[in-house]
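Q: One structure follows; several queries about it will come next.
The values are calculated or read from the model by the stated rules, or taken from the named source; none is laboratory data. If you're wondering where the values come from, they're calculated on a predicted model, not measured in any experiment. Here the Cβ positions follow ideal geometry from the backbone for every residue, glycine too, while neighbour counts run over all protein chains shown.
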Amino acid sequence: MYELIVIGGGPAGLAAACEAWDAGLRRILIVERDKTLGGILNQCIHNGFGLTYFKEELTGPEYAHRFTQLLAKTGVEVRTDTMVLRITPDRRVHMTGPSCGYRIEEASSVILAMGCRERTRGAIGVPGARPAGVFTAGAAQRYVNVEGWMPGKRVVILGSGDIGLIMARRMTLEGAKVLACVEVMPYSGGLTRNIVQCLEDYKIPLYLSHTVTDVLGRDRVEKVIVSRVDENRRPIPGTEMEFACDTLLLSVGLIPENELTAAAGIRMDPRTKGAAVYENMETSLPGVFACGNVAHVHDLVDYVTRESQRAGAAAARFVLNGPAAGEEIPVENGPGVSYTVPQRVRPENVDKSLGIFFRVNRIFGRSRICVEAEGREVCGFDRERMAPGEMESVTVPKKLLAGVKGGLTVSVREVEK
Amino acid sequence: MYDVLIIGCGVVGAATAMELSRYKLSVAVAERENDVAVGTTKANSAILHAGYDPKPGTVMARLNVRGSQLAAEYCQKLDVPYRRCGSMVLAFSERDMETLGVLLDRGNRNGVPGLRILTGDEARQMEPELADTVLGALWAPTAAIVSPWELCLALAETAVKNGAELKLCTAVTGLERAEDHWRIHTNRGILEARYVVNAAGVDSDTVHDMAAPHDFDIRPSRGEYYLLDKAEGGRVNTVVFQCPSEKGKGVLVSPTVHGNLIVGPNAEASPKHDESTTAGGLDFVRETAKLSVPGVNFGQSIRNFAGVRANAGLDDFIIRIAAPGFLDLAGICSPGLTSAPAIGEYAAELLQGDGLRLEKKEHFEFHRRRIRFKELDEESRRELVSRDPAYGRVICRCETVTEGEILACFHTPIPPVSVDGVKRRTNAGMGRCQGGFCAPRVVELLSRELNVPAGEIVKDRAGMKILFEETKEVRGDV
Ligand SMILES: Cc1cc2nc3c(=O)[nH]c(=O)nc-3n(C[C@H](O)[C@H](O)[C@H](O)COP(=O)(O)OP(=O)(O)OC[C@H]3O[C@@H](n4cnc5c(N)ncnc54)[C@H](O)[C@@H]3O)c2cc1C
Ligand SMILES: Cc1cc2nc3c(=O)[nH]c(=O)nc-3n(C[C@H](O)[C@H](O)[C@H](O)COP(=O)(O)OP(=O)(O)OC[C@H]3O[C@@H](n4cnc5c(N)ncnc54)[C@H](O)[C@@H]3O)c2cc1C
């Protein structure tokens, strides 16, 4: 019997386990299906991790190393090369691995930290032939950075998500020619710094409001056809451009990996595609928490760490002090907002302040973020610019939550210069 | 010198090879590609049709009904995923209702058991997701779903186990009649056989023309599909067809034996080997399917694919001795998958009629089992992993396929040589992430088991290389 089982040993799982240890739990198990801890960070050998959390620029593996070092100082048990197949509502965790065999472990609390997977060609319906040479950007990243093999020489990238942008630079540095990055939306889905450092610096054109409308080639990709799209994202006939290439990389979004979560009957949020969570990252199943990319897709690992520490502390509190109490209110999406995390709040259970992560649903210039209750502003925040590709966060002091009934609404509106 | 050489190892060639391997004969199968089941057999609706579509009195009608019975038996003996879920043909108008009457009558004359016309409400009671506009349906309880490539693989493996020789990467380029046998020209030299069987799918016209006067053309017609995530797999429980037209059996919505939902196909003239999908074709499939089952959530699509029908523009298959010692199994369009086991039987009969001696072997090995970790209960899983730890390591997370299962398929009679070959044998890579996560690991396993560098590993057919060269860092010229 464990006090806490953490599923997934990426940055989310590591931070959550360390925090739970610091908060007093002693029987903690991390289950990780890969052979090493660190999660997706292991294949992200570029710089740019930790700027907020450590105030320095680290590579993915370096960032992960900071936490595996911290973990080594605790007594947290780790089982790598072991995959969790099922969790039951009474927190029994079914797992399998070559060394531990097929086992079922019981836990007083569980933290879900399984990360996410990439959307595929099938999910977005790119028509055309099905030759070799179509990869998700993350799979290509693994081939290059972990396996040491180049999956292509002349490359077109569909989607301007961060992984695609990072791979544009990586493939270029490895001697490939990246011909174009094609994005169906009128704005990029990636971080501005990645647009500059990975495309502009290498003179790789970014085609906004364009998409891939055909893939040609029998054995290997030989050509892709790119067309401009209208406001409804439908290709405009007559705008076709042809790119002779051998590889198409897809960077068209990440999907939280929640099959275990849904199968356990935990309430999901169709907007985040993660579990709907409370202020402390607890799911609808008491004692089960979710954090990191499995809860909602993050662009920066620093936020993953912070959020996961919250989940780790909350799991410890659940085990040591019992279930969280108090009335609950929803957090609603007002105009301009596409999702919030948490989705529900128990004001009594908020520590000093309530952190709300959210994304905007279009590009905003100078604007104000309003957190409202019953039509009245509880607090507001000003921003110079916001984009759907960059997660936003605001912090509401606990004292402002006193007496709030009926729920909070987060909305965004542009303000005049 | 072989007694019989079969050209093509799709489901038809494989069924024929298996049937002939029951007898004291030397049998070979020449397949152009590096694996079996890579033609139309891997890309179709995967339905074992009940048999009300073909015109009564045709060979097709007889083989369809017989094939659907045999397939049930073969799938059970050879451990091929199979489920008899029944099918419905929907009617949306009075004219469609008349068509159902015609189909019912044909089915009865073809000897299809259990056919019944349902009212719209009865149909909706069985399939609550059907559209309100459905007026009635033809219910066929013997229709089933199957894993088409695993059926083909199981038949081919059984043939090989019983002595047939499978020659992969062997393309037949010409046939030359010698005194009492055929000289078969291939890309790998000349083979000789007393009988040749043409099971070349969409290329069956080309192969026919190598041996006999030209008298038919394959007019390929492509069908495009959506495959949806398991989250949609329960949208319907039976195969839901619309009324057939000149173009084909129409767009269907059906569960698959793997738990997904399949939606398609359309029918458009296409080049022979062009398995592309098109935006227009997929739009048509979506729109048409929604008429039957409005609630299908195409947001859950995990894959599009297309298959090419070997249409000859006739109401029947082209099955005949076309030249001395030369048997056509040509124009095998739908319901070719269903009919294949019966086509194999019939092929043996026709060859016998042409002078081939059929003498049963004393022993015919008709058994196949493979471990499917995902389907085991807890106790069996525990036992399996403690016996062989490789079964404890999950390689494909979406389909829960273990390393043990992948390693095991290298020790079957027809081991895989490609990533898709592993997928057809184990389901690894078939799930919602479409191999995004496991493909690099499968490449690694293939490279190790086949003892070739990762750069040589192909996605499917020879030539479909995945990787180019090692990175600068690995090559050491940074
Ligand atoms: C390709 C890529 C590039 C990125 N680049 C940057 C960047 O430049 N800067 C930045 O700050 N952030 C970047 N990020 C974001 C950041 O890396 C992620 O937000 C962060 O890694 C998410 O952490 P996680 O622990 O939630 O998920 P992951 O790192 O994905 O970890 C999840 C772990 O759970 C394991 N797991 C899943 N299911 C199971 C199971 N059933 N049983 C056992 N184990 C399981 C997985 O093997 C994995 O190790 C990038 C992300 C990606 C994908
Ligand atoms: C869209 C679609 C949907 C269908 N749905 C169904 C269904 O639901 N139920 C059903 O019963 N049937 C269905 N069918 C029909 C069924 O798939 C086919 O009838 C069946 O797969 C044909 O098998 P085959 O062995 O004849 O052809 P194939 O599987 O195409 O095999 C032919 C083989 O011959 C090889 N070959 C060709 N030329 C040469 C050469 N010169 N030398 C060596 N090898 C050669 C090819 O490489 C290939 O492997 C469907 C077909 C399509 C296209």
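Q: Among the residues of the stretch B:325-363, what is the count of those that are away from ligand 2 (no atom under 11 Å from the Cβ), in contact with a Phe, Trp or Tyr (Cβ under 9 Å, 6 or more places away or on another chain) and part of a loop (DSSP other than H, G, I, E, B)?
A: Going through the stretch B:325-363 one residue at a time, the tally reaches 8.
Q: Which condition number does residue A:32 fail, the rest of (1) buried (at least 20 other Cβ atoms within 10 Å of the Cβ); (2) among the acidic types (Asp, Glu); (3) farther than 21 Å from residue A:114 by Cα being met?
A: (3)
Q: Taking the stretch B:444-478 only, how many residues are assigned to a helix (DSSP H, G or I), facing chain A (nearest Cβ under 9 Å) and not β-branched (Val, Ile, Thr)?
A: Matching residues across the stretch B:444-478 total 6.
Q: From the list A:415, A:319, which residue is aliphatic (A, V, I, L, M) and under 30 Å from residue A:192 (Cα atoms)?
A: A:415
Q: Ok, one more. Just to be sure before I move on: is residue A:29 more than 16 Å from ligand 2 (Cβ to nearest atom) and closer than 30 Å to residue A:174 by Cβ in the structure I sent?
A: No: the conditions fail for residue A:29.
Q: What number of residues within the stretch B:426-440 are assigned to a helix (DSSP H, G or I) and modelled with pLDDT of 95 or more?
A: 1
Q: Quick one: what pairs do we get from the stretch A:163-185, first residue basic (Lys, Arg), second part of a loop (DSSP other than H, G, I, E, B), C-beta under 9 Å, 6+ apart or different chains?
A: Listed by first residue and then by second, the contacts come to A:169/A:46; A:169/A:204; A:170/A:45; A:170/A:46; A:170/A:176; A:177/A:153; A:177/A:245.
Q: Please note which strands (runs of 3 or more DSSP E) are completely contained in the stretch A:202-258 and include at least 3 residues that are over 25 Å from the mean Cα position of the chain (by Cα).
A: Here the list reads A:210-216, A:223-228, A:241-244.
Q: A further question on this structure: Filter the stretch A:362-383 down to the residues that are under 21 Å from residue A:405 (Cα atoms) and touching a Ser or Thr at 6+ places or on another chain (Cβ under 6 Å) and list them by number.
A: Across the stretch A:362-383, the qualifying residues are A:370, A:372.
Q: Among residues belonging to the stretch A:137-170 that are of a type outside the set (Gly, Ala, Ser) and closer than 22 Å to residue A:241 by Cα, point out the one that is farthest from the other protein chains (Cβ to nearest Cβ).
A: Checking each candidate, the answer is A:165.
Q: Another question about this same structure. If residue B:412 satisfies all but one of (1) within 13 Å of chain A (Cβ to nearest Cβ); (2) surrounded by fewer than 21 Cβ atoms within 10 Å (Cβ to Cβ), what's the number of the condition it fails?
A: Here residue B:412 meets the rest and fails (1).
Q: Give B:279, B:269 a once-over and let me know the one that is without any contact (Cβ under 8 Å) to a residue 40 or more places away in the chain and in the same structural domain as residue B:87 (by TED's automatic domain parsing).
A: Among B:279, B:269, only B:279 is without any contact (Cβ under 8 Å) to a residue 40 or more places away in the chain and in the same structural domain as residue B:87 (by TED's automatic domain parsing).
Q: Considering only the stretch A:60-112, state which residues are in contact with a helix residue (DSSP H, G or I) (Cβ under 7 Å, 6 or more places away or on another chain) and without any contact (Cβ under 8 Å) to a residue 12 or more places away in the chain.
A: Result: A:101, A:102.
Q: Right, something else. Which residues, counting only those in the stretch B:428-456, are of a type in the set (Val, Ile, Thr) and closer than 30 Å to residue A:114 by Cα?
A: Residues satisfying the conditions are B:442, B:443.
Q: Could you please give the count of residues in the stretch A:390-410 that are farther than 28 Å from residue A:194 by Cβ, touching a residue at least 60 places away in the same chain (Cβ under 8 Å) and not charged (D, E, K, R)?
A: Summing the residues that are farther than 28 Å from residue A:194 by Cβ, touching a residue at least 60 places away in the same chain (Cβ under 8 Å) and not charged (D, E, K, R) in the stretch A:390-410 gives 5.
Q: Go through the stretch B:180-214 and report how many residues are in a strand (DSSP E or B), surrounded by fewer than 17 Cβ atoms within 10 Å (Cβ to Cβ) and within 11 Å of ligand 2 (Cβ to nearest atom).
A: Counting residues in the stretch B:180-214 that are in a strand (DSSP E or B), surrounded by fewer than 17 Cβ atoms within 10 Å (Cβ to Cβ) and within 11 Å of ligand 2 (Cβ to nearest atom) gives 1.
Q: Another question about this same structure. Cβ-Cβ below 6 Å, separation at least six or inter-chain, first residue in the stretch A:37-59 and of a type in the set (Ser, Thr, Tyr), second crowded, with 21+ Cβ neighbours inside 10 Å: which pairs?
A: A:53/A:305
Q: So if I check each of B:285, B:240, which one is away from every other protein chain (no Cβ under 11 Å), farther than 30 Å from residue B:321 by Cα and not aromatic (Phe, Trp, Tyr)?
A: After ruling out the rest, the residue left standing is B:240.
Q: Right, another one. For residue A:244, which of the numbered conditions (1) surrounded by fewer than 17 Cβ atoms within 10 Å (Cβ to Cβ); (2) within 16 Å of ligand 2 (Cβ to nearest atom) fails to hold?
A: It is condition (2) that residue A:244 fails.
Q: Okay, moving on. Which residue is farthest from the other protein chains (Cβ to nearest Cβ), if the candidates are limited to the stretch B:364-393 and must be assigned to a helix (DSSP H, G or I), of a type in the set (Lys, Arg) and free of Cβ contacts under 8 Å to residues at least 12 places away in the same chain?
A: Looking at the filtered set, the residue picked out is B:387.
Q: Restricting to the stretch A:89-124, name every residue that is at pLDDT 95 or above, more than 22 Å from residue A:308 (Cα to Cα) and β-branched (Val, Ile, Thr).
A: Hits for the stretch A:89-124 are A:96, A:104.
Q: Also, I was wondering about something else. Could you please find all residues in the stretch B:299-322 being more than 16 Å from ligand 2 (Cβ to nearest atom) and either away from every other protein chain (no Cβ under 14 Å) or part of a loop (DSSP other than H, G, I, E, B) (or both)?
A: Answer for the stretch B:299-322, where residues must be more than 16 Å from ligand 2 (Cβ to nearest atom) and either away from every other protein chain (no Cβ under 14 Å) or part of a loop (DSSP other than H, G, I, E, B) (or both): just B:321.
Q: From B:405, B:469, grab the single residue that is touching a Phe, Trp or Tyr at 6+ places or on another chain (Cβ under 9 Å), outside the structural domain of residue B:256 (by TED's automatic domain parsing) and surrounded by fewer than 23 Cβ atoms within 10 Å (Cβ to Cβ).
A: So the residue among B:405, B:469 that is touching a Phe, Trp or Tyr at 6+ places or on another chain (Cβ under 9 Å), outside the structural domain of residue B:256 (by TED's automatic domain parsing) and surrounded by fewer than 23 Cβ atoms within 10 Å (Cβ to Cβ) is B:469.
Q: State all residues of the stretch A:53-64 that are out of contact with any strand residue (DSSP E or B) (no Cβ under 8 Å at 6 or more places or on another chain) and surrounded by fewer than 16 Cβ atoms within 10 Å (Cβ to Cβ); if no residue qualifies, say none.
A: Residues satisfying the conditions are A:54, A:55, A:56.
Q: While we're looking at this one, here's another question. Name the pairs whose Cβ atoms lie under 9 Å apart, with the first residue in the stretch B:1-13 and of a type in the set (Ser, Thr, Tyr), the second within 16 Å of ligand 1 (Cβ to nearest atom), and 6 or more positions between them or separate chains?
A: Between residues of the stretch B:1-13 that are of a type in the set (Ser, Thr, Tyr) and residues that are within 16 Å of ligand 1 (Cβ to nearest atom), there is no close pair.
Q: A further question follows. How about the stretch B:22-43: which of its residues are in contact with a helix residue (DSSP H, G or I) (Cβ under 6 Å, 6 or more places away or on another chain) and buried (at least 24 other Cβ atoms within 10 Å of the Cβ)?
A: B:27, B:29, B:35, B:36, B:37, B:39, B:40, B:41
Q: A further question on this structure: Which residue, of B:307, B:325, B:295, is at pLDDT 95 or above, within 25 Å of residue B:145 (Cα to Cα) and surrounded by 16 or more Cβ atoms within 10 Å (Cβ to Cβ)?
A: B:307
Q: Can you name the residue in the stretch B:215-226 that is farther than 19 Å from residue B:37 by Cα and buried (at least 20 other Cβ atoms within 10 Å of the Cβ) and is also nearest to ligand 1 (Cβ to nearest atom) among such residues?
A: Filtering first and then ranking leaves B:226.
Q: Which count do you get for residues in the stretch A:393-417 that are assigned to a loop (DSSP other than H, G, I, E, B) and closer than 16 Å to residue A:348 by Cα?
A: Qualifying residue count, the stretch A:393-417: 6.
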